[in-house]
Amino acid sequence: MKTGWKIALLTALMFAWFGALAGCTLAVTEPEIQKIKQAMPDKPIIKPQKPRKLLVFSLCQGFKHGSIPYWDEALKIMGEKTGAFEVTVSMDLNILKAETLNQFDAICFNNTTGLKLSTKDTPELCQGLMDFVKGGKGIVGIHAATDNFNQWPDMQEVMGGKFTGHPWGGGGTWAVKIDEPGHPLTQMFRGKGFKINDEIYRTDPPLYSRAKQRVLVSLDLSDPATAGADGLKPTDADTGITWIKTVGKGRLFYCSLGHNNHLTWMPELLQHYLAGIQFAMGDLPCDAKPIRASQPQPNPN
């Protein structure tokens, strides 16, 4: 074989290898697992009313976040260490059928993207999931959980938003404010806002609205760096990060934080997710009634 052909073949093989690698999920390292364990709460926010089961659903039919295995691991550790719930991790769409889904108390969409569910093409799965939450169970969303259901508007309405961009990229550090310092799901922050290195999703109306869901945490646009992100528009003035709502007899907890791996060993955020999961499961009662912002955010440039 001539040298030129050898080089071309090796180049093609190299690109194929890197392409395959990009589609693979790298394992969480043992030192990282130890960081997650050390940061994890030792006990539940509240004692569960009964043994609970959490389905951690991690299938992506769109962009695949590298933090997915970190959250899979963190939620397993959370359940084991606190005793608040038992975790099953799955990427099988069929688990959303009523006969399998109903064994769980809540489903966590772990950075899922592009889930192609629709009442036309997957009616059984849609019915199973909607009946699940409206019948009294819970939905938990981590970061990209709002980047789904483009063919199922009713579920986007349940989630309270959809991905339309992230001017606040994962390489930046952004300011966060606690909208309700006294709420049971935010007490771990002790009433203080903070800065965080993560990717924050835009929350466009009308799906996102404080009239539809109770917003507990949002971006602090009084911070110059946060208000100065490239490409902001007027509706970004109110960008929710954490919200809750009731859906029929069930409950939803969503938090935008979780794009970057290191957030899985941030103690306060892990406590925040634990409280949200226990709320979604029905163990942590709290007020989910929507309220409007008392102080409007300044308009971004």
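Between residue 97 and residue 225, take the C-beta separation as r, use R0 = 41 Å, and let me know the FRET efficiency to the nearest 0.05. List each step's numbers first, then the result.
Numbers: r = 46 Å, r/R0 = 1.12.
With R0 = 41 Å, the Cβ-Cβ based efficiency is 0.35.
For the chain, what relative contact order do you get, as a whole percent, if you take Cα pairs closer than 8 Å and at least 6 residues apart?
Values: 623 pairs, mean separation 59.6, N = 301.
Computed over the chain, the figure is 20 percent.
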#### Entry: Descending semi-axes in Å of the range 28-281, equivalent ellipsoid built from Cα gyration tensor
25, 22, 17
### Query
In deg cm²/dmol, rounded to 500, what helix-only [θ] at 222 nm does the chain give when every DSSP H run of at least 4 residues adds -39500 (n - 2.57) and the total is split over its residues?
-8500 deg cm²/dmol
### Summary
The answer for trypsin sites (Lys or Arg not before Pro) in the range 202-301 that fall in a DSSP coil and have at most 15 neighbouring Cβ atoms within 10 Å is 249, 292
### Task
Provide the gained length on full extension for the span residue 30 to residue 164, in nm with one decimal, where the gain is 0.36 nm per separating residue minus the Cα-Cα distance.
44.7 nm
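Can you give the extra length, in nm with one decimal, that the chain gains between residue 286 and residue 50 once fully stretched, where that is 0.36 nm per residue apart less the Cα-Cα distance?
On the way: separation 236, 0.36 × 236 = 84.96 nm, distance 1.82 nm.
83.1 nm is the gain from fully extending residue 286 to residue 50.
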### Query
Which entries in 43/162; 50/289; 120/245; 50/97 show an alpha-carbon gap greater than 30 Å?
43/162
### Task
Only Lys, Arg, Asp and Glu count, each charged at its Cβ (+1, +1, -1, -1), so figure out the dipole size of the chain about its Cα centre, rounded to 20 debye.
240
### Sites matching trypsin sites (Lys or Arg not before Pro) across the range 110-195 that sit in DSSP coil, with at most 14 neighbouring C-beta atoms within 10 Å
116, 120, 190, 192
### Task
Would you be so kind as to identify all helices of the chain, as entire DSSP H runs, whose Cα atoms reach 24 Å or more along the helix's own axis and whose mean Kyte-Doolittle hydropathy is at least -1.0?
3-22
### Task
Please compute the net charge surrounding residue 214, taking Lys and Arg as +1 and Asp and Glu as -1 over other residues with Cβ under 12 Å from its Cβ.
+3
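Each reported figure results from applying straightforward, stated rules to the coordinates on display, with no laboratory input. The structure displayed is predicted, hence computed values, not measured ones. Cβ atoms come from the backbone with ideal geometry, glycine included; neighbour counts cover every protein chain shown.
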